[in-house]
Amino acid sequence: MHGKTLRKFPKKHVTCELTHHSIQSTAFFMYFFGNVTRFTMKITVIGAGNVGATAAQKIAYDELAHEVVLVDVIEDLPQGKSLDMFQAMPILGSDTRVIGTNTYEPTAGSDIVIMTAGLARKPGMSRDDLLFKNADIVQSCIERAYALSPNAFFIIVSNPLDVMTYVALKTTGLPRHKVIGMAGVLDTARYRTFIAMELGVSVEDITAFVLGGHGDTMVPLPRFTTVAGVPLAELMPQDRIDAIVKRTANGGAEIVSLLKTGSAYYAPSAAAVEMAECIIKDKRRILPCAVWLEGEYGLRDVVCGVPIILGKNGMERIFEIKLSADEQAALAKSADDVRSNIAKLTNV
Ligand SMILES: NC(=O)c1ccc[n+]([C@@H]2O[C@H](COP(=O)([O-])OP(=O)(O)OC[C@H]3O[C@@H](n4cnc5c(N)ncnc54)[C@H](O)[C@@H]3O)[C@@H](O)[C@H]2O)c1
């Protein structure tokens with residue numbers, strides 16, 4: 001089934017980001033009136049599980065949108081969670097409306113769609129099984145959401161992240177600046193947290209990048225990591241930096257082993273909402289995100305995590321930094337991993 005549906009991907013996609021000015025009406029008004037008008041935003045979150053519900057909650061609490069629509073296949077689940085969230089708004093002083101639904105009609109006209117639906121790996125299920133199952137889920141959800149919100153930006157969270165971002169790109173045929181995967185923001189947040197814990201300083205003062213695919217081959221870059229502007233290597237011995245890099249790469253598994261059931265969701269949902277906020281407020285922050293590459297960093301025809309400028313047009317541009325030979329090799333290896341998983345989908 002997955003093979004058949006995936007082969008139907010339209011061939012067109014991913015080239016014209018800044019050549020066409022598809023600024024939505026909301027973003028257009030924001031351009032002139034600033035953040036005041038962000039309250040007209042409508043955001044859909046697909047998947048009312050741990051990540052999706054927590055993301056919807058944060059959007060509502062932070063009043064980032066006029067309306068958040070939470071979608072899930074489980075009957076009554078999104079309705080129950082969204083009603084509960086909505087009832088918190090009088091206490092929290094937010095006028096965001098939270099709607100739960102099992103159908104896509106209420107999502108129509110969304111400005112941003114955050115895709116979190118998917119299965120977690122179950123006992124006996126291989127990584128490849130999960131890849132195919134989640135590809136089917138992402139394809140069918142994105143197809144339906146895109147049909148009703150053709151101007152939306154898509155932030156992909158479902159795993160395996162880089163491949164699911166590719167599936168969303170192919171499913172919609174949208175240009176690459178509108179379909180962006182969340183992984184680097186989370187991986188970087190984990191890395192910054194571990195450094196702050198080690199040094200006993202504020203997490204806010206750590207600036208860092210983690211590039212590459214979301215997984216064991218991610219590429220933290222200590223050379224570009226600073227603490228209040230001071231290079232990390234001046235503050236910490238190399239063996240401690242190596243230990244933090246290793247812990248970061250293992251960050252998701254560490255949480256899974258502590259939780260016993262389920263995986264991380266507070267930090268992942270915060271990361272996805274940070275990306276949405278950059279688009280809503282046109283912040284133009286430089287954040288590591290998974291995007292389709294067309295030669296940047298020497299990589300082509302693959303989704304991989306690189307620093308991008310994120311603003312009202314989604315990915316405004318890829319921010320290229322000069323990597324050392326070792327860093328470049330690690331990034332290429334990470335991209336190869338993603339490429340081989342994409343090939344599994346397209347070759348069946
Ligand atoms: N990119 C990242 O860094 C990152 C971090 C954490 C989690 N994730 C991924 O995010 C996804 C969600 O994680 P979670 O912890 O919220 O899982 P979860 O199991 O709590 O929630 C997933 C939800 O998706 C729903 N769902 C399944 N199929 C659906 C469909 N066809 N349409 C609508 N909803 C559907 C399920 O009913 C469930 O409520 C997983 O794929 C997970 O691996 C990614």
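Rule-based calculations on the coordinates, nothing more; no lab input. Quantities reported herein were computed from a predicted structural model and do not represent experimental measurements. Positions of Cβ are backbone-derived with ideal geometry, glycine not excepted, and every protein chain shown enters the neighbour counts.
Per the Debye calculation on the chain with a single equal scatterer at every Cα and no solvent contribution, log₁₀ I(q)/I(0) for q = 0.06, 0.10, 0.11 Å⁻¹ amounts to -0.20, -0.57, -0.70. Reported value for the range 42-183: 100 Å³ per residue, from the convex hull of its C-alpha atoms.
Taking only the C-alpha atoms of the range 239-348, Rg followed by Dmax gives 16.1, 44 Å.
Taking all Cα pairs closer than 8 Å and separated by 6 or more residues, the relative contact order of the range 42-183 comes to 23 percent.
Karplus-derived 3J(HN,Hα) values for the range 323-328, using 6.51 cos²θ - 1.76 cosθ + 1.60 with θ = phi - 60°, are 8, 6, 4, 5, 5, 5 Hz; glycine and proline are entered as x. Under a 5 Å amide H cut-off, with hydrogens placed 1.01 Å from N, Arg97 pairs with Glu67, Val68 among residues at least 5 apart or on other chains. Within the straight-line cut-off of under 13 Å between alpha carbons, the aspartates and glutamates reachable from Lys178 are Glu17, Asp111, Glu316, sequence neighbours fewer than 8 places apart in one chain being disregarded.
Taking a Cβ cut-off of under 12 Å around Val113, the surrounding Lys, Arg, Asp and Glu residues balance to a net charge of +1, with basic ones at +1 and acidic ones at -1. Taking amide H as placed 1.01 Å from N in the peptide plane, Glu316 has its amide H under 5 Å from the amide H of Ile309, Leu310, Gly311, each at least 5 places away in sequence or on another chain.
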